[in-house]
Amino acid sequence: MTKLNLLLLFVFLTNFVSYAQTLSGRVLEADTKSPIPYVNIGILGKNNGTVSDSLGYFSITYKDANKNDTLKFSCIGFKSIILKPADLIGKSHNEISMKKLIYTLQEVVVKPLSKRDIKVMGKTGSSKFMAIGTKCTQPGSEIGVQFKNKGPLRIQKVNLYCSMDCKDEVLFRINISDGKVDRPDNSLLKKPIIFKYRFKKGDNFFDLSEYNVEVSKDFFLSYELISLPKGSRGPQFGASLFGTKSLFRYTS
């Protein structure tokens with residue numbers, strides 16, 4: 001390698017290091033100072049984000065050009081926090097305090113369901129047509145489907161179809177949101193729906209009846225990865241090329 005090549009390589013690496021920077025910190029409850037696990041953290045509109053771990057710690061890499069963009073911290077049950085990466089630069093112990101939201105719950109009347117009251121939306125099993133497989137391997141990455149709906153419904157059970165068996169358990173969250181302009185908007189949940197599960201090839205059913213999730217219009221239902229073992233490939237989901245609108249993004 002010539003001296004010129006060495007010089008160019010050195011300059012390139014130096015520029016790269018200065019271009020990408022990392023912010024780290026911890027998300028805590030404002031009143032109790034208890035850690036808040038699995039908080040969504042991302043730069044809005046840049047498809048760049050992550051999820052805090054079980055103790056509230058987080059680390060996110062950003063470009064220098066994004067230091068004045070909007071950095072959002074959000075979690076079901078808490079008021080979202082809006083900051084700029086520049087607000088946290090240079091601080092060794094970043095603590096983000098989030099305040100709890102207080103919900104007014106309606107009275108719930110429990111009664112058995114008749115068969116005519118049960119509606120199946122979407123479908124189980126693999127498509128007979130061509131299908132694609134999508135993997136979520138980055139914490140915060142999300143894949144979902146939009147459901148067309150008219151009238152009030154309570155979601156009892158969901159099915160996530162996996163294209164192949166997984167060797168490891170993954171920690172993930174199910175998100176249910178209303179839709180505006182064919183994209184997820186406001187969450188319809190009052191508390192997070194989190195599972196730790198090893199997916200098998202085919203249908204994988206999850207009981208959501210305890211969460212009392214009610215929808216009255218079109219909605220999005222999605223799988224969001226929280227964490228998976230190091231070296232694991234995670235589940236791969238099948239999606240038909242013909243049918244309902246689907247969603248995939250690297251950060252929720």
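Every number in this text was worked out from the coordinates using simple rules, so none of it is lab data. Note that the coordinates shown come from a computational prediction; the quantities given were computed from them, not determined experimentally. As a convention, Cβ positions derive from the backbone with ideal geometry for all residues, glycine included, and neighbour counts pool all protein chains shown.
Some observations on this one:
- Cβ-based net charge around Leu101, under 15 Å, with every Lys or Arg adding one and every Asp or Glu removing one: +3
- Taken along the Cα-to-beta-carbon direction at a fixed 7 Å, the label points for Ser54 and Glu95 span 2.3 nm.
- Exceedance of the 30 Å cut-off in Cα-Cα distance is limited, within the set Lys63/Lys191; Lys33/Lys196; Lys201/Lys245; Lys63/Lys148; Lys67/Lys196, to Lys63/Lys191; Lys63/Lys148; Lys67/Lys196.
- Computed lengthening from Asn149 to Lys201, 0.36 nm per intervening residue step minus Cα-Cα distance: 15.9 nm
- Remark on Asn149: its backbone amide H falls under 5 Å from those of Asp218, Phe219, a criterion applied only to residues 5 or more positions apart or on other chains, H modelled at 1.01 Å from N.
- Evaluating 6.51 cos²θ - 1.76 cosθ + 1.60 at θ = phi - 60° for every residue in segment 143-149, the Karplus couplings come out as 9, x, 9, 8, 10, 7, 8 Hz, glycine and proline recorded as x.
- Long-range HN-HN contacts of Thr251 with modeled amide H, under 5 Å: Glu142
- Backbone geometry of segment 186-202 corresponds, through the Karplus equation with coefficients 6.51, -1.76 and 1.60 at θ = phi - 60°, to 3J(HN,Hα) couplings of 8, 5, 9, 9, 9, 8, x, 10, 10, 10, 10, 7, 9, 6, 10, 5, x Hz, x marking Gly and Pro.
- Under 5 Å, built H, 5+ apart or other chain: amide partners of Tyr57: Val27
- Chain lengthening between Glu210 and Asp178 when straightened (0.36 nm per residue, less Cα-Cα): 9.5 nm
- Cα-projected label distance for Asn186 with Lys79, points at 7 Å along beta-carbon direction, nm: 1.7 nm
- Here Leu44 and Ile102 are evaluated by their C-beta separation; at R0 = 22 Å the FRET efficiency comes out at 0.30.
- A simple packing score, the average count of other Cβ atoms within 10 Å per residue, orders the peptides 28-34, 70-76 as 70-76, 28-34, with the highest score first.
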